[in-house]
Amino acid sequence: MSPARGPLAAVLDVGTSQLKAALVGADGCFAGSCAQTWGYASLSGVPGGLRFAPEELLQVLGRLMVRLGEQCGGLDRVCAVIVSAQRLGGILLDRDGGVLEGVPNIDRRAAALCRPLAGAEYEEYYRVCGRWPGAQHMLGRMRWFAAQPGGAPVGKILSISDYLTWRLCGEMASDPTTACETACLDIRTGDWSQEILDREGLGRGLFPPLVPPGTVLGRTKGPAARALGLPEGIPVCAGAGDTQLGLLGAGALSPGQQAVVAGSSAPVNQVLSGPRTDPACRTVTNPYLAPGLWVMEANAMLTGLSFAWARDLLFEEGGAEGYRRLEALARKGLAERGEEQLFVFAGASLANSRGGGLYPAGQIRFAMSDWNAGRVSRGAFAFSVFEGAALAILANRALLAQAGGESVPEDFLMGGGETKLTLLLELLQRGSGGTLRRVEGADLTCLGGAVLALMAVGVHPSLEAACAAMVRTAPVSAPGSEALERWAASAPRRQEAWVRAWRHTAQEHTEKGE
């Protein structure tokens, strides 16, 4: 792909495990991109509780922007700024606008208080807000904050992207694709649900006003803009949910299309023409970036983090070299594998909005006869991490179609960091029996953010035109091999076995009250 030319969108992305900054041109080419890992501090004495310092976001993103400026010879071509962020994270402000707490998406401080939310009376919440309320949502976390004695009153609840956008331009607002993750938004109207707010004792004034995604809220100014090295006066666009931006970066704009945004997690999404929900309350329904469209999501959960965990467990090398060695070992395991029942549940999951989706303990399951026979090897383990991610994604594709009352589309799109693992793509392509198209680009979410921002400031006249100019996909080919052929033939049966084993694992946690 040729170097980006002309105006650039600056995209800041706050992910679960990385902070990223990218400059993307109107042709979809990346002029530059850089990232840094980040993490969270534990809350002393609070099981599952995590926090971060919001000011550190600006410091790290500022350093990334300095590096970008050095890569690209300056930031003078930037014509728009947009922020993407983990959807379930949030920042609480006091009544004077000071920071009370930064809460990451994987914080589970409210787990014990939210166990009563499993009752059938909360089915109405699901129909209104498109997800089963739980400890991962701000609705649940506010129950925890309300129970803390002597705490400062909360004045405003912002998503991470809302907070950074406010700091950059001085205007406070949110958008429906981000606000829905509070479990306080009515997905049917795109507005805060007064019914849910009243039932939870939350004032509407705690939440910012809502605007369409990409709305130009103001222009860069003040200390935050200076910290990022951005000149004053650049349009700042309202951000959006990172997964929805990833779908846009894949070019998914038509009802029925399915796309996987594979980074730390692997949400599988299907574009809808209406705000449908799953009768069994397993999936999540979100507003989308294009007017009149929604997306239904079945998240395969922490597949990307599972790959990172397996890499770090097996090899000293980190980064790309560690992943290369992990994939080589997994291919060796594929070539040697028989019919062993080895499954690694270190993050890959089947969507279960009512159950919270993310269970507190991973498991490695295998038959003792396989272990005694020496078939549970390093190669078998490495391959099982790949297979588990692939089977989880395929199972969630099927679940989405079932929940939406439709057939599984033959073709689907996939982009994100996990697409660098070619064995995963080959397993998905062969296991689906259809056509998998890989989205080109250094980062799917940043590409989607640039599509939205450059449309918002008039570089492209519409989202459709922006996607046509900026998004490129190519079909995945899976070279034939005897081992891959054997696996593809057994894939439907393996998928059924994986789902049975996962449900058994999930049931164990449910029975323990976890």
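The values are calculated or read from the model by the stated rules, or taken from the named source; none is laboratory data. All values reported here derive from a predicted model rather than from experimental measurement. Neighbour counts are summed over all protein chains in view; Cβ atoms, including those assigned to glycine, are modelled from backbone coordinates with ideal geometry.
Could you list, in sequence order, all residues of the range 468-484 that are part of a helix (DSSP H, G or I) and either surrounded by 14 or more Cβ atoms within 10 Å (Cβ to Cβ) or at pLDDT below 90 (or both)?
Initially, the range 468-484 is screened for residues part of a helix (DSSP H, G or I), giving 468-470, 482-484.
Correct list: Ala469, Met470, Glu482, Ala483, Leu484.
Given the criteria closer than 30 Å to Pro47 by Cβ, surrounded by fewer than 20 Cβ atoms within 10 Å (Cβ to Cβ) and not assigned by TED's automatic domain parsing to the domain that holds Glu124, does Gly355 qualify? Walk me through it before giving the result.
Values: closer than 30 Å to Pro47 by Cβ: yes; surrounded by fewer than 20 Cβ atoms within 10 Å (Cβ to Cβ): yes; not assigned by TED's automatic domain parsing to the domain that holds Glu124: yes.
Yes, satisfied.
Any residue at all in the range 257-267 that's under 27 Å from Asp76 (Cα atoms) and at pLDDT below 95?
Within the range 257-267, the first condition is being under 27 Å from Asp76 (Cα atoms), and the residues that meet it are none.
Checked the range 257-267: no residue is under 27 Å from Asp76 (Cα atoms) and at pLDDT below 95.
Failed condition for Gln86, given (1) more than 19 Å from Ala9 (Cβ to Cβ); (2) of a type in the set (S, T, N, Q); (3) out of contact with any helix residue (DSSP H, G or I) (no Cβ under 8 Å at 6 or more places or on another chain), with all others met?
(3)
Looking at (1) crowded, with 22+ Cβ neighbours inside 10 Å; (2) without any contact (Cβ under 8 Å) to a residue 60 or more places away in the chain; (3) of a type in the set (Gly, Ala, Ser), which one does Ala120 not meet, given that it meets all the others?
Every condition holds for Ala120 apart from (1).
Among the residues of the range 212-234, write down those that are of a type outside the set (A, V, I, L, M) and under 20 Å from Leu64 (Cα atoms). Please lay out each step first, then the result.
Let us first name the residues in the range 212-234 that are of a type outside the set (A, V, I, L, M), namely 212-215, 218-223, 226, 229, 231-233.
Listed by number, the residues that qualify are Thr220, Lys221, Gly222, Pro223, Arg226, Gly229, Pro231, Glu232.
Do we find a residue being surrounded by fewer than 22 Cβ atoms within 10 Å (Cβ to Cβ) and out of contact with any Pro (no Cβ under 7 Å at 6 or more places or on another chain) anywhere in the range 294-302? Don't jump to the end; show me each part of the working.
Just the residues of the range 294-302 that are surrounded by fewer than 22 Cβ atoms within 10 Å (Cβ to Cβ), to begin with: none.
No, every residue in the range 294-302 fails to be surrounded by fewer than 22 Cβ atoms within 10 Å (Cβ to Cβ) and out of contact with any Pro (no Cβ under 7 Å at 6 or more places or on another chain).
Limited to the range 178-212, what total is found for residues that are outside any helix (DSSP H, G or I), under 20 Å from Trp166 (Cα atoms) and touching a Cys at 6+ places or on another chain (Cβ under 8 Å)?
2
If I filter the range 138-145 for residues that are surrounded by fewer than 16 Cβ atoms within 10 Å (Cβ to Cβ), touching a residue at least 24 places away in the same chain (Cβ under 8 Å) and over 29 Å from Gly32 (Cα atoms), do I get at least one hit?
Looking only at the range 138-145, we keep the residues that are surrounded by fewer than 16 Cβ atoms within 10 Å (Cβ to Cβ), and these are none.
No: zero hits.
Counting only residues that are touching a residue at least 60 places away in the same chain (Cβ under 8 Å) and hydroxyl-bearing (Ser, Thr, Tyr), how many does the range 409-457 have?
Residues meeting the conditions: 3.
Out of (1) more than 30 Å from Cys129 (Cα to Cα); (2) of a type outside the set (A, V, I, L, M, F, W, C); (3) not assigned by TED's automatic domain parsing to the domain that holds Leu484, what's the single condition that is false for Glu317?
The number of the failed condition is (3).
Given (1) surrounded by 22 or more Cβ atoms within 10 Å (Cβ to Cβ); (2) under 29 Å from Ala53 (Cβ atoms), where does Gly97 come up short, assuming only one miss?
Against the list (1) surrounded by 22 or more Cβ atoms within 10 Å (Cβ to Cβ); (2) under 29 Å from Ala53 (Cβ atoms), Gly97 comes up short only on (1).
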